[in-house]
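Notes follow the structure.
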Amino acid sequence: MSDTLQDEETSPTRSNSLKISLPTVLCTDVTDNPELTETNSFVNSESKLSLPSSFGTPTSPLRLSSPLSLPSSPTPFAKTPLQTRSNKSLDDPSQQSSEKTQLSSMNPPLINSGSATGNPRNKCALQPGHSLMDWIRLGNSGKDLTGVGGRIRPVTPAELATHNTEKDAWLAIRGRVYNITYYLPYHPGGSDELMRGAGIDATELFDKVHPWVNYDSLLAKCLVGPLRFDRPDADELFDISNPSPKSDRLREPSKAQELVRKSMENLANCITPVRKKITAKSEENVKGSPPSKIMQSLIQSSDLPVSISRRAASSPLKSADQSKDSPPSLRFDWIQTSTKLTISVYTGLLSNPGGCARISEGALFIDVATNGWLRTLKLVPEEAIKEPLQIRVFSESGKIEVTVLKITHKVWKNIGETIFSSATHISSPRTLECRVVHVERISHDTTLLALAPKSGPVVVPLGHHVRVHHKINDKECIRSYTPVGDSWDHFGSEYSAMKLAVKCYNTGALSPYLTSLKIGDSVTLSGPYGNFQLQKLKRVKILYLIAAGTGITPMLGLLRFMLARSNPRCEQVNLLFFNKTEEDILFKNKFEDIARQDDRLKIEHVLSNASCSWKGQKGRISSKVLSEILDEKAISTEDTPHFACLCGPTEFTHTSLDLLKKLGMKENDIHAFIG
Ligand code: HEM
């Protein structure tokens, strides 16, 4: 399909960098590990790890995918003055200086008394690409390491116990549950050792081996939530999914809630958000309450992005049913650092929201579109705010997160006044004036354009597209493109821009113009358009993505979404990608990188005009090619829900649809992107 659809990708932006002191840990042997030079220079007591804002996403302002920020690691160090360590730094004087620098930030000073495990050196040789530095990079990449979409939530011991396999491992330390699945190959003690703590409260085990390790900073982006003990009110304290039955007024926390909060604070010396639930009959009008003195002094005295308050406001309509006829229930909460404010709006699991943010007359407006409905959250902030605004969406949790800068660097006592408008039906798509902020050639004939809407950042729902409008000889020319999300290009996400992959057809009406655009030029878009329903992937465990040419673009976001989705975990994503020649394959290296990191992604390239050196599949879409990738058993049983998405030139899409149906796939299990 020429100038075809492309997709919105939900990887979190990385531009809202916040600084957090990086914990110091002992690295692997200097002599053996070439990566250590890098690690050493990076990790010392002065090191700062730049973490993009928020949670969420992927998305929750630690760029955790969660608005709950993490404490600087206190308890592991405060525990005992006598700590154990490996003998190596004592035995090997050459190590002492480098380790000393790192250890200097450990508190209290370490006394070497041999390995806690009884083995002078139990550390494993990590696979290449799995150094501490690589782990930090992964954390900063925007990937959701929590596996739960980044929304902090309580975990019961029973739930914890179910996450005990290498593909899905959680553990609890000092009352906090972390998803350690991604950390396993990075653990210097080996994944088997770390797996000993999977599914359980591993505090004792952890302390036996290495109480000095700064686990809470290392796993900051893997935080799932507090381990919920059997306290009747604990749920209420953390769970924002159910609005309080007592509504219409600010609810003071009960004694039990207060107790849980205090114990959480003591437990991990963290700043636990106090959530007051507010509901109102029509529009919510929420005033903030000041953080406690302890919290304020902690915030003021640190560089950390700290969460001092979160609040949730329910929609006037309580129904979770997000059918076309009833607007979805929305809630929001907020967190702040001294420099930024982050508002998170929750639209419901898999509700696939779109949205935009803008500042007008000193107020922040966040438009949230879900399933044909639009609501606007207006914030009249307590103090002045400024651009740039950042917006990101976390598809699994349905969270939209907007970050705005404070003009005066200080912690606010209140957020200000917030008002949710009533929901209105979206009757027509919006027109957006955009500025080209970056241009990158991604293949011999395709250019990636980054377009920043002038009014403020915009996110297009997953699997939806925008239209580019341009007048040529007084005739309006329109083409559809699905934005390519972050992390598919080389210029990152600092622009909060939509990125469109535009293939240039020499005789095309619009593409020669678009591919000749320069930074600073203006482009008119409208949107979003599309009928893709993310809910359809709710139970899907095997996803087939069948694309031709630039028809790959809607698949990019779906691919990332499915591999990151935690519940249920996807078992396989099969990408069948048709092109003419090898040079035409877009994002080939990116796909290969992802497949290397995640063996659930299977890629099959099929070329219609392959060179002699091509070793892969040759030909065009046919039942033979399709039947080779389709797991016939899977499509004929209910046990492994599957789904196929198709996109390419119209003829390609229709042929694929017919072939899939002939092979036994139900129409309901297929989505064809035709635009
Ligand atoms: C709870 C179960 C765990 C077990 C059984 C375990 C076991 C081990 C072992 C045997 C070693 C080698 C220690 C040595 O040099 O003698 C090690 C090293 C290490 N582990 Fe763990 N570990 C666990 C959890 C964790 C966690 C949650 C983290 C943090 C994210 C972590 C981070 C590290 C680090 C950074 C090292 C290197 C420490 C050093 O060089 O002294 N471990 N672990």
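Of all residues in segment 449-477 being more than 19 Å from residue 390 (Cα to Cα) and within 22 Å of the chain's Cα centre (by Cα), which is surrounded by the most Cβ atoms within 10 Å (Cβ to Cβ)? Steps first, please.
If we filter segment 449-477 for residues that are more than 19 Å from residue 390 (Cα to Cα), which is where we start, we get 463-477.
Among the residues that remain, those that are also within 22 Å of the chain's Cα centre (by Cα) are: 463-465.
Numbers: 463: 28, 464: 25, 465: 26.
Per the criteria, the residue is 463.
Within segment 478-492, being buried (at least 17 other Cβ atoms within 10 Å of the Cβ) and of a type outside the set (A, V, I, L, M) holds for 479, 480, 481, 482, 483, 485, 486, 487, 488, 489. Does segment 180-198 hold any residues that are within 11 Å of the ligand (Cβ to nearest atom) and not in a loop (DSSP other than H, G, I, E, B), and which are they? Of everything in segment 180-198, those that are within 11 Å of the ligand (Cβ to nearest atom) and not in a loop (DSSP other than H, G, I, E, B) turn out to be 184, 186, 191, 192, 193, 194, 195. If the requirement is being in a loop (DSSP other than H, G, I, E, B) and basic (Lys, Arg), which of these qualifies: 536, 518, 499? Only one candidate passes the filter, namely 518. Taken over segment 631-665, residues that are at pLDDT 90 or above and either touching a His at 6+ places or on another chain (Cβ under 6 Å) or crowded, with 18+ Cβ neighbours inside 10 Å (or both) amount to 14. Checked against (1) part of a strand (DSSP E or B); (2) of a type outside the set (D, E, K, R); (3) under 19 Å from the mean Cα position of the chain (by Cα), residue 526 passes all but a single condition, namely (3). When segment 208-227 is filtered for residues that are more than 9 Å from the ligand (Cβ to nearest atom) and in contact with a Lys or Arg (Cβ under 8 Å, 6 or more places away or on another chain), the ones remaining, listed by number, are 211, 221, 223, 224, 225, 226, 227. The set of residues in segment 579-630 that are surrounded by 15 or more Cβ atoms within 10 Å (Cβ to Cβ) and in a loop (DSSP other than H, G, I, E, B) comprises 585, 586, 587, 600, 610, 621, 630. In segment 148-179, the residue that is nearest to the ligand (Cβ to nearest atom) out of those that are in a helix (DSSP H, G or I) and either under 19 Å from the mean Cα position of the chain (by Cα) or within 18 Å of residue 206 (Cα to Cα) (or both) is 160.
Checking each residue of segment 565-574 against the condition of being outside the structural domain of residue 142 (by TED's automatic domain parsing), among the β-branched types (Val, Ile, Thr), closer than 29 Å to residue 138 by Cα and surrounded by 21 or more Cβ atoms within 10 Å (Cβ to Cβ) gives at least one match. Cβ-Cβ distances below 6 Å connect the following pairs, each with a first residue in segment 203-222 that is modelled with pLDDT under 85, a second residue that is of a type in the set (D, E, K, R), and a separation of six or more residues or different chains: 211/79.
The values are calculated or read from the model by the stated rules, or taken from the named source; none is laboratory data. Computed from a prediction, not measured in an experiment: that's the story for all the values here. Here the Cβ is made from the backbone with ideal geometry for all residues, glycine too, and neighbour counts use every protein chain on show.
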